[in-house]
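What follows draws every value from the coordinates through simple rules; no lab data is involved. Remember, predicted model here, so these are calculated numbers, not experimental data. Using ideal geometry, Cβ is built from the backbone for each residue, glycine included, and neighbour counts are taken over all protein chains shown.
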């Protein structure tokens, strides 16, 4: 029988992919919280190992054994690792959103309690907020890039704009 990982095995190494204003950062991260979102929200800085930094401006790469990154430097992080304790999850309603964070545009679904408006409550949420079924658009070496991700963690503190959209990326939640 397969069981969902809950983060009880904290200290797990996970893949890390983050986007700063002018680069993509890839490496390994020791997860010392139940979820990546918790780690980012609880720590103003993280240390990523076996790092490759790729410039989105010209594509050049730099590699580092370790790199300390401030949460305030990350516009977006790709969610990876365990989803946390299923017993702590709340019933939510997805709402379509589109936002701009630095040079990136993200569109997908933000989740909030059924009676809450996720856009109005955005400023009261933790720094890193999940957006699911997300499409991330940006420029890489003067070419347009559009990538789909199951879940992105967007830095609320760096969001330039946020608006609701009826049908992000043409997706319909619950459609068969």
Checklist entry - How large is the Kirkwood hydrodynamic radius of region 12-74, in angstrom, based on all distinct alpha carbon pairs? => result 11.9
Next on the checklist: Mean-square fluctuation check for the chain, GNM, Cα pairs under 10 Å: which of 124, 100, 24 is largest?
Outcome noted: 124
Next on the checklist: Going by Cα centres, region 88-133 and region 49-85 are how many Å apart?
Outcome noted: 22
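Could you work out [θ]222 nm for the chain from helices alone, using -39500 (n - 2.57) per DSSP H run of at least four and dividing by all its residues? Round to the nearest 500 deg cm²/dmol.
Details: 1 runs with 7 residues, N = 176.
About -1000 deg cm²/dmol.
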Checklist entry - If one computes the Cα centroid of region 25-47 and of region 135-165, what distance in Å separates the two points? => result 20
Item to check | Whole-number D in µm² s⁻¹ for region 86-168, Kirkwood Cα-pair radius fed into Stokes-Einstein, 37 °C, 0.692 mPa s | outcome: 248
Checklist outcome for this item: Connecting every pair of Cα atoms under 10 Å apart in the chain and solving the GNM, the largest mean-square fluctuation among 63, 147, 137 falls on 147
Next on the checklist: Placing one identical point scatterer on every Cα of the chain and ignoring solvent, what is log10 I(q)/I(0) from the Debye formula at q = 0.12, 0.17, 0.19 Å⁻¹?
Outcome noted: -0.57, -1.14, -1.37
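If the chain between residue 50 and residue 14 were fully stretched, how many nm would it gain, using 0.36 nm times the residue separation less the Cα-Cα distance? Could you put the intermediate results ahead of the total?
Working: separation 36, 0.36 × 36 = 12.96 nm, distance 1.16 nm.
Length gained, residue 50 through residue 14: 11.8 nm.
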Checklist entry - Which of 32, 111, 60 moves the most in a Gaussian network model of the chain with Cα springs under 10 Å? => result 60
Checklist outcome for this item: Pseudo-spin-label distance residue 32 to residue 150, built 7 Å along Cα→Cβ, given in nm, is 2.6
